[in-house]
Amino acid sequence: MRWAIVFFVGVTVSTLLVGFNFARTKHRSVRYFGWGLGATGIAFGFWTIGRINNPKEGDDLELWVTIGVFFLLLGLLLFLLSWTTPLRQQVRNLVLVGGLLYVVALIALRFMYPSEPFIDEDGVLFFNPHGSVGALEVGAVSAAFLPAIFEIGRRLRALDALVAKVAFTTVLMSGIILIASIDKVMITIASWVMAAALLALVGTFVVRQPGAWLQATH
């Protein structure tokens with residue numbers, strides 16, 4: 001199914017573009033958020049390679065998926081850096097250490113309970129993580145990404161903040177479905193919804209003049 005390859009390539013490119021523009025700003029929380037998007041874009045890049053190669057052997061696909069997950073987890077740590085920037089240093093350090101330990105534990109669990117990704121006859125990629133590992137991954141993505149969305153929203157102009165909150169939250173919810181679901185219809189719907197949200201983000205934060213969406217007072 002060609003749309004699946006187009007989707008992964010599109011997510012990779014759009015996420016990297018939006019992340020690059022965020023990373024160019026002078027505000028630390030927005031910059032960290034941009035770096036987190038960059039790491040997420042690289043993760044989708046590796047998943048794109050796995051999808052394009054369409055390997056017959058599951059071990060090869062699992063390798064590309066696992067490398068992508070490592071970059072996704074790196075992105076989550078950067079999102080933690082983003083939303084903890086305004087916090088007191090001691091609180092921030094505590095959250096970051098907790099997040100790092102959580103990521104290390106999650107990596108260990110992935111090796112203990114490996115995922116079994118596969119591509120079906122229609123070309124749809126299923127990540128198919130182990131049940132408990134998938135639940136922990138969903139928890140990590142939500143805890144790191146959602147607060148970061150609202151933190152950067154404070155730095156943006158009113159309408160741009162609204163677009164960012166709605167679109168990034170939509171990307172989050174769609175991404176959770178992509179990671180955790182084994183329902184082809186749900187994955188297909190989530191893919192189209194995520195694509196629409198990323199298109200809105202590109203139109204808002206890439207097409208326009210860099211930094212035009214930042215609040216001048218922050």
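Treat the count of other C-beta atoms within 10 Å as a stand-in for reagent exposure and order 111, 44, 22, 8 from fewest to most. Before the final figure, lay out each step's value.
Numbers: 111 9, 44 25, 22 29, 8 21.
Lowest count first: 111, 8, 44, 22.
Evaluate the distance, in nm, between pseudo-label points positioned 7 Å from the Cα of residue 169 and of residue 3 along their respective Cα→Cβ axes.
2.6 nm
Give the order of 142, 14, 82 when sorted by the count of other beta carbons within 10 angstrom, beginning with the fewest. Display every interim value, and only then the final one.
Values: 142 15, 14 22, 82 28.
Lowest to highest Cβ neighbour count: 142, 14, 82.
Counting other C-beta atoms within 10 Å, and keeping those with at most 16, which DSSP coil GluC sites (Glu not before Pro) do you find in the range 30-128? Intermediate results must be reported in sequence, preceding the final value.
Values: sites: 57, 62, 121; in loops: 57, 121.
Here the sparse-neighbourhood loop sites are 57, 121.
Between (1) 1.00; (2) 1.97; (3) 0.97, which entry matches Rg/Rh (Cα atoms, Kirkwood Rh) as derived from the coordinates of this structure?
(3)
Once amide H atoms are built 1.01 Å from N in the peptide plane, which residues 5 or more positions from residue 118, or in another chain, come under 5 Å H to H?
Amide H neighbours of residue 118, under 5 Å, 5+ apart: 126.
Can you list the residues of the range 124-162 with backbone N under 18 Å from a point 7 Å past the Cα of residue 186, pointing along Cα to Cβ?
Residues 124-142 qualify, since their backbone N sits under 18 Å from the label point.
I want the local charge near residue 84. Using Cβ-Cβ distances under 13 Å, sum +1 for each Lys or Arg and -1 for each Asp or Glu among the other residues.
Numbers: positive: 28, 88, 92; negative: 151.
After counting each charged neighbour, the total is +2.
Could you give me the ³J(HN,Hα) list for the range 44-50, computed from phi with Karplus coefficients 6.51, -1.76, 1.60 and θ = phi - 60°, whole Hz, x at Gly and Pro?
3J(HN,Hα) across the range 44-50, in whole Hz: 5, x, 5, 5, 5, 4, x.
Can you give the FRET efficiency to the nearest 0.05 for residue 109 and residue 196, using r as the Cβ-Cβ distance and R₀ = 30 Å?
Working: r = 33 Å, r/R0 = 1.11.
Using R0 = 30 Å, I get an efficiency of 0.35.
Using the Cα centre as the reference, give the magnitude of the dipole from point charges on the C-beta atoms of the chain (Lys, Arg: +1; Asp, Glu: -1; all else neutral), rounded to the nearest 20 debye. If you can, show how the numbers build up before the last one.
Values: 16 positive and 12 negative charges, 275 e Å.
My answer is approximately 1320 debye.
Every number here is computed from the coordinates shown, using simple stated rules; none is lab data. Here the structure is a predicted model, which means the values were calculated and not measured. Neighbour counts run over all protein chains shown; Cβ positions are idealised from the backbone, glycine included.
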